[in-house]
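After the structure tokens below, expect a handful of questions from me.
Derivation of every value follows stated rules applied to the coordinates shown; laboratory data play no part. These figures come from a predicted structure and were not determined experimentally. Neighbour counts run over all protein chains shown; Cβ positions are idealised from the backbone, glycine included.
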């Protein structure tokens with residue numbers, strides 16, 4: 001390693017990857033794939049982001065245009081990944097708070113808010129990009145859970161109101 005470093009610095013040589021053509025092809029394919037807004041799981045997006053970032057920051061890449069395009073695509077994908085992570089955090093926190101909702105008037109309000117959150121993806125802050133967070137698949141089940149928990153509380157409140165008015 002020391003000999004190689006000495007040779008590279010002494011003779012002002014640059015080392016390049018032996019599979020540079022393959023990597024450039026993979027990056028070009030990835031950029032082409034990301035031009036179209038097809039849904040992509042968060043884990044796949046993280047891997048693609050890492051590959052694009054590595055390629056964009058590598059000095060040995062021969063195509064400057066491809067490096068710039070990889071950098072721009074990585075920035076866009078990074079934004080979408082952050083949106084998906086924020087959405088995932090919000091939904092996970094809402095699901096955890098569902099278990100601790102008390103059987104009070106304030107609890108009913110919290111359950112109604114959670115129901116609205118789960119029934120309206122826009123209000124929930126669903127990412128508009130191609131990156132799909134894992135919790136998106138559990139939204140339907142979460143909405144059912146809120147309904148199951150909300151129904152008896154509303155029935156009890158309705159019965160109490162009926163007793164008060166009669």
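Multiply the residue gap between residue 50 and residue 97 by 0.36 nm, knock off their C-alpha separation, and tell me the result in nm, one decimal place.
Between residue 50 and residue 97, full extension yields 13.6 nm more.
Evaluate E = 1/(1 + (r/R0)^6) for residue 68 and residue 3, where r is the Cβ-Cβ distance and R0 equals 41 Å; express this FRET efficiency to the nearest 0.05.
About 0.75, to the nearest 0.05.
How far, in nm, would the chain grow between residue 120 and residue 144 when pulled straight, counting 0.36 nm per residue and subtracting the alpha carbon separation?
In short, 7.3 nm is gained.
Could I ask something else about it? Rounded to the nearest 0.05, what FRET efficiency do residue 90 and residue 33 have when you use their Cβ-Cβ distance and R0 = 25 Å?
0.35
I need the shape label for segment 14-165. Rule: rounded when a/c is under 1.5, else prolate if a/b > b/c, else oblate, with a, b, c from the alpha carbon gyration tensor.
It comes out prolate by the Cα gyration axes.
Need the full-extension length gain, residue 106 to residue 160, defined as separation in residues times 0.36 nm minus the C-alpha distance. One decimal, nm.
Value of the extension gain: 17.8 nm.
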